[in-house]
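S.K.: Pasting a structure here, questions to come.
The values are calculated or read from the model by the stated rules, or taken from the named source; none is laboratory data. The shown structure was predicted, so the numbers you read here are calculated from the model rather than taken from an experiment. Because the Cβ atoms are built from the backbone with ideal geometry, glycine has one as well, and the counts that use them run over all protein chains shown.
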Amino acid sequence: MPTPHGPIEAVIYDFGNVLVGWDPYGAFDGLDRAEVDAWMTEVDFGPFNLAQDAGRTWAEAVAHLEATRPHLAPMAARYARHYAGTLSGPVEGSAELVRELDAAGLRLYGLTNWAADTFDHAEPAAPVIGLLRDVVVSGQVRLAKPDPAIFRLAAERFAVEPGRTVFVDDTARNVAAARAAGFHAVHFTDTTSLRSALADLDVPVRRRP
């Protein structure tokens with residue numbers, strides 16, 4: 001289905017569970033799951049983690065807990081130390097698709113909610129990230145999805161026209177925010193479905209059964 005703005009020229013990828021598998025429990029191997037669950041509940045892990053994605057460092061996060069809720073600080077420190085364990089490698093089929101898009105001449109970028117001080121683990125866990133022309137890392141720019149400002153920043157930095165760009169993310173609120181910013185946004189569930197969604201936009205990729 002052709003887009004009203006012309007052919008798709010660029011694809012912007014989220015990273016976690018789109019290009020690289022991420023599971024926060026991987027930092028706590030060897031600990032009782034109930035203990036980790038209790039910590040995640042008490043620290044309110046989603047918003048707590050998002051604060052690092054938005055620019056707070058993990059050292060600052062641990063220091064904050066030490067000053068306010070010291071019993072929670074050791075697990076946060078462990079998470080930061082063992083962060084590499086949260087990454088399980090490339091999402092199935094993702095590397096092949098990125099290479100196919102690159103070979104077809106699409107401009108490829110990244111827009112990821114990721115703490116600045118753990119982002120160095122991303123490419124070793126999913127080497128195809130190295131094919132992307134540029135990446136906006138939320139922790140580095142101190143903005144996080146779904147803030148509309150980070151989508152405006154990405155469009156300006158990458159010099160892309162949203163109406164001719166596909167944004168791919170596994171989080172529904174980020175997909176909605178990207179659509180509101182004018183991007184063609186795809187809610188990622190698996191690489192096969194993403195291939196179909198791209199093909200529906202006349203991007204030259206092979207569909208898979």
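S.K.: Out of 142, 206, I need the residue that is in contact (Cβ under 8 Å) with a residue 24 or more places away in the chain and not assigned by TED's automatic domain parsing to the domain that holds residue 95. Which one? Break it down stepwise before answering.
M.R.: On the way: 142 fails: not assigned by TED's automatic domain parsing to the domain that holds residue 95.
After applying the criteria, what remains is 206.
S.K.: Only residues that are farther than 15 Å from residue 88 by Cβ and crowded, with 16+ Cβ neighbours inside 10 Å: list them for segment 129-141, please.
M.R.: 132, 135, 136, 137, 138, 139, 141
S.K.: Something else now. Check segment 78-88 and report whether any residue there is crowded, with 16+ Cβ neighbours inside 10 Å and free of Cβ contacts under 8 Å to residues at least 24 places away in the same chain. Reasoning before the result, please.
M.R.: Taking segment 78-88 and keeping what is crowded, with 16+ Cβ neighbours inside 10 Å, we get 78-80, 83, 85-87.
Subset that is free of Cβ contacts under 8 Å to residues at least 24 places away in the same chain: none.
Within segment 78-88 (the criterion being crowded, with 16+ Cβ neighbours inside 10 Å and free of Cβ contacts under 8 Å to residues at least 24 places away in the same chain), the answer is no, since none of the residues qualifies.
S.K.: State the number of residues belonging to segment 181-209 that are within 16 Å of the chain's Cα centre (by Cα) and either outside any loop (DSSP other than H, G, I, E, B) or among the aliphatic types (A, V, I, L, M) (or both).
M.R.: Going through segment 181-209 one residue at a time, the tally reaches 5.
S.K.: If a residue has to be crowded, with 18+ Cβ neighbours inside 10 Å and either more than 20 Å from residue 101 (Cα to Cα) or acidic (Asp, Glu) (or both) to count, how many in segment 142-175 make the cut?
M.R.: The total comes to 10.
S.K.: Here's another thing I want to ask about it. Which condition number does residue 182 fail, the rest of (1) at negative phi; (2) surrounded by 15 or more Cβ atoms within 10 Å (Cβ to Cβ) being met?
M.R.: That leaves (1) as the condition not met.
S.K.: Taking residue 109 and the conditions (1) touching a Lys or Arg at 6+ places or on another chain (Cβ under 7 Å); (2) without any contact (Cβ under 8 Å) to a residue 24 or more places away in the chain, which numbered condition does it fall short on, given that it satisfies the others?
M.R.: (2)
S.K.: Could you pull out the residue among 154, 115, 122, 178 that is under 14 Å from the mean Cα position of the chain (by Cα), assigned to a loop (DSSP other than H, G, I, E, B) and modelled with pLDDT of 95 or more?
M.R.: 115
S.K.: Filtering segment 157-168 down to residues that are out of contact with any Gly (no Cβ under 7 Å at 6 or more places or on another chain) and either of a type outside the set (Phe, Trp, Tyr) or not in a helix (DSSP H, G or I) (or both), which residue is farthest from residue 197 (Cα to Cα)?
M.R.: Residues of segment 157-168 out of contact with any Gly (no Cβ under 7 Å at 6 or more places or on another chain): 157-161, 165-168.
Add one more test, that the residue is either of a type outside the set (Phe, Trp, Tyr) or not in a helix (DSSP H, G or I) (or both), and what stays is 157, 159-161, 165-168.
On the way: 157: 25, 159: 23, 160: 20, 161: 19, 165: 13, 166: 10, 167: 11, 168: 10 Å.
The extreme case among them is 157.
S.K.: Right, next: With 92, 66, 60 as the choices, which residue is in contact (Cβ under 8 Å) with a residue 24 or more places away in the chain, surrounded by fewer than 18 Cβ atoms within 10 Å (Cβ to Cβ) and acidic (Asp, Glu)?
M.R.: None of the other options fit; the residue is 92.
S.K.: Another question about this same structure. Give the residue, chosen from 33, 78, 56, 99, that is assigned by TED's automatic domain parsing to the domain that holds residue 123 and of a type outside the set (Asp, Glu).
M.R.: Criteria check complete, one pass: 99.
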